[in-house]
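Just below is one structure, and these are the notes that go with it.
The values are calculated or read from the model by the stated rules, or taken from the named source; none is laboratory data. This structure is a prediction, so every number in the text was calculated from the model and none was measured. Here the Cβ positions follow ideal geometry from the backbone for every residue, glycine too, while neighbour counts run over all protein chains shown.
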Amino acid sequence: MASQDWFEKDFYAILGVPPDADAETIKKTYRKLARTLHPDRNPGDESAEKKFKEVGEAYGVLSDPEQRQQYDAIRQMAHGGARFAPGAGGSAGGFEDVFSDLFGGAAGGTRFGTGAPGAGSYTGTFGGGAGGASPSIEDLLGMFGQGGFTGGGYGPGGYGAPTGPRKGPDVNAETTISLGQAVSGEKLTLSAADGERITTRIPAGVRDGQKIRLRGKGGDGGPGVERGDLMLTVHVRPHPVFTREADNLQVDLPVTFAEAALGATVAVPLLGGGTVKVKVAPGTPSGRVLRVKGRGITRGNHTGDLLVKVQVVVPQKLSDAAKAAVETLQAEESGVDPRADLMTQAAAG
């Protein structure tokens with residue numbers, strides 16, 4: 001659901017990407033910023049925590065194609081598209097002035113907002129005006145060619161064609177969970193602004209930035225009017241060991257030079273505890289990915305894999321015996337140039 005914040009916030013600038021950035025660039029940039037700004041890495045740093053929440057909010061919008069399209073339309077309207085006359089007293093018309101001018105009064109009891117960032121919290125003033133809630137931002141976009149009116153009160157007949165009371169306003173909320181909770185699913189209890197407690201279950205395999213619609217848990221539409229929905233955005237905290245690639249989990253596995261050169265069977269940690277054994281074949285290079293079937297993320301009837309990326313560890317200090325062994329290896333490899341093909345291909349290009 002769009003919000004007044006979209007007029008005021010430049011989500012592209014918050015993430016540090018250009019407006020034409022593709023989805024992969026936005027994802028990589030967000031993950032890098034989230035790791036850097038995460039509260040666990042910046043304990044007590046309120047500035048980093050604030051930026052972490054802003055980055056999460058920006059990614060939640062820009063990673064969703066439908067929301068990004070709406071956001072771009074609103075930004076275009078605010079920067080050279082539709083123009084709005086000043087409000088009362090000559091001040092520049094704001095978001096509420098738009099609703100006042102277009103729909104004949106203030107925006108009822110509804111306050112549009114993305115919700116206070118943080119686990120289990122949301123914002124939004126419940127209780128629309130008489131006869132139902134005020135028009136949504138989607139209705140506003142519809143007047144400027146971004147889509148037709150929907151919902152009661154603004155039906156196919158155009159602006160002002162009543163079709164009965166519409167349901168209460170949708171309300172945005174945000175919550176942050178761990179990667180383990182996202183993989184296995186989690187039951188959460190949210191606290192609404194009016195003190196109401198809302199319990200819901202996060203489905204297993206939920207993605208970072210994914211939105212979940214809780215029907216009938218949003219704003220009150222007034223007597224006899226159906227309540228709106230609660231749109232819950234789920235943020236997943238970066239894990240220090242595992243990363244997610246689609247339905248696969250990926251982990252970097254340090255191995256010694258001897259294990260990589262001679263081969264070995266080593267233990268790999270699993271998310272949530274436990275280990276699984278993998279075989280490192282003799283001569284395995286650093287960067288090779290080993291796949292453990294069925295140890296990834298389960299969504300519906302599909303389960304991903306665990307991708308184990310081998311990282312050969314170079315010793316920082318060598319004993320005299322170890323140094324002598326390496327020197328012997330070096331002598332054995334005399335005349336072997338591992339960069340020969342590289343030089344040939346570079347010259348050919």
| said: I need the full set of residues from the range 192-210 which are in contact with a helix residue (DSSP H, G or I) (Cβ under 8 Å, 6 or more places away or on another chain) and buried (at least 16 other Cβ atoms within 10 Å of the Cβ), in order please. | reply: 202, 205, 206, 208, 209
| task | Determine which single condition residue 283 fails, assuming it passes every other condition in (1) surrounded by fewer than 13 Cβ atoms within 10 Å (Cβ to Cβ); (2) under 23 Å from residue 300 (Cβ atoms). | result | (2)
| note | Taking the range 276-328 and keeping residues touching a residue at least 24 places away in the same chain (Cβ under 8 Å), more than 17 Å from residue 254 (Cβ to Cβ) and assigned to a strand (DSSP E or B) leaves 298, 299, 302, 303
| message | Would you confirm whether or not the range 296-311 contains a residue that is loosely packed, with under 10 Cβ neighbours inside 10 Å and within 42 Å of the chain's Cα centre (by Cα)? | response | yes
| field | Count - residues of the range 329-343 that are assigned to a loop (DSSP other than H, G, I, E, B) and out of contact with any helix residue (DSSP H, G or I) (no Cβ under 9 Å at 6 or more places or on another chain) | value | 6
| message | Kindly evaluate residue 189 against the criterion of being in contact with a Ser or Thr (Cβ under 8 Å, 6 or more places away or on another chain), surrounded by fewer than 19 Cβ atoms within 10 Å (Cβ to Cβ) and not aliphatic (A, V, I, L, M). | response | yes
| said: Restricting to the range 30-55, count the residues that are touching a helix residue (DSSP H, G or I) at 6+ places or on another chain (Cβ under 7 Å) and either in a helix (DSSP H, G or I) or of a type in the set (Gly, Ala, Ser) (or both). | reply: 9
| task | Determine the pairs where a residue that is more than 16 Å from residue 214 (Cα to Cα), located within the range 224-237, has a partner that is of a type in the set (Asp, Glu) and in a strand (DSSP E or B) with Cβ atoms under 9 Å apart, the partner being 6 or more residues away or on another chain. | result | 235/174
| Considering the range 271-305 alone, what residues qualify as being out of contact with any Phe, Trp or Tyr (no Cβ under 9 Å at 6 or more places or on another chain), closer than 20 Å to residue 207 by Cβ and not small (Gly, Ala, Ser)? | 295, 297, 298, 299, 301, 302, 303, 305
| said: When the residues of the range 2-23 are narrowed to those that are at pLDDT below 85 and not hydrophobic (A, V, I, L, M, F, W, C), which ends up surrounded by the fewest Cβ atoms within 10 Å (Cβ to Cβ)? | reply: 8
